[in-house]
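Working notes, beginning with the structure itself.
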Amino acid sequence: VITVAYVKDFTDESFIDALENRRNYVATDWIVLDFTVEGYPMGAKFPGTNPHPRMLCKIIGTDDLEQVDIIRNAKCVYSSKNIKGKEADITFVDMDLLGKNDYHYFVQVKQKDGAMAWTPPVCYHYRPSS
């Protein structure tokens, strides 16, 4: 298993900051993975007033991609099995918030060779505007 951390620079402090703020992901191969919710990066916890949060996911695999899932609160809310090639840019807007206030989103990727990658969750605390 490989742990990839998004760091500001190549210092011990930057690496520790990335791990403490969950700006990292795990993979079983050198898969490049970036995931944001409303512009906030992997591992972020933030409040928002958008009832339809927007997610962006960029993947660069080492083999053809088989499946990409976006999970919300332990339930798959987006799944794609029609990806061609090793790269994908995915935009997903969650149109089905469940009347709760706290949502945890993460991405899991599977390649055709069986290699996988997972992001840490992005915690979206929905607060309707008055």
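The values are calculated or read from the model by the stated rules, or taken from the named source; none is laboratory data. Everything numeric in this text was worked out from a predicted model, so none of it was measured. Reconstructed Cβ throughout: ideal geometry from the backbone, glycine too, with neighbour counts over all protein chains shown. Quick note on the areas: whole protein, heavy atoms, side chains included, nothing else; ligands and nucleic acids left out. Shrake-Rupley method; radii C 1.70, N 1.55, O 1.52, S 1.80 Å.
Below, the figures for the structure above:
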item	result
Shape category assigned to the range 1-52 from the gyration tensor of Cα positions, a/c cut at 1.5	oblate
Net charge, Phe35 excluded, C-beta distance under 14 Å - Lys, Arg +1, Asp, Glu -1	0
Nearest-20 debye value, the chain charge dipole, Cβ charges on Lys, Arg, Asp, Glu	480 debye
Signed unit charges on C-beta, dipole axis of the range 27-128, positive-most listed residue Gly85, Trp30, His52	His52
Chain lengthening between Met95 and Val1 when straightened (0.36 nm per residue, less Cα-Cα)	30.5 nm
From phi via Karplus (6.51, -1.76, 1.60), per-residue ³J(HN,Hα) for the range 31-37 in Hz, x at Gly/Pro	7, 8, 9, 9, 9, 10, 10
With all protein chains modelled, accessible area of Ser79 [1.4 Å, Å²]	60 Å²
Area accessible to solvent at Tyr6, 1.4 Å probe radius, in Å²	90 Å²
Listed values (1) 1.06; (2) 1.25; (3) 0.99, entry calculated as Rg/Rh (Cα atoms, Kirkwood Rh)	(3)
Efficiency of FRET between His104 and Phe15 - r from beta-carbon atoms, R0 25 angstrom, step 0.05	0.55
Dipole in debye (nearest 20) - the range 26-88, about Cα centre, beta carbon charges: Lys, Arg +1; Asp, Glu -1	320 debye
Apportionment of accessible area to carbon and sulfur, the chain, percent (1.4 Å)	52 percent
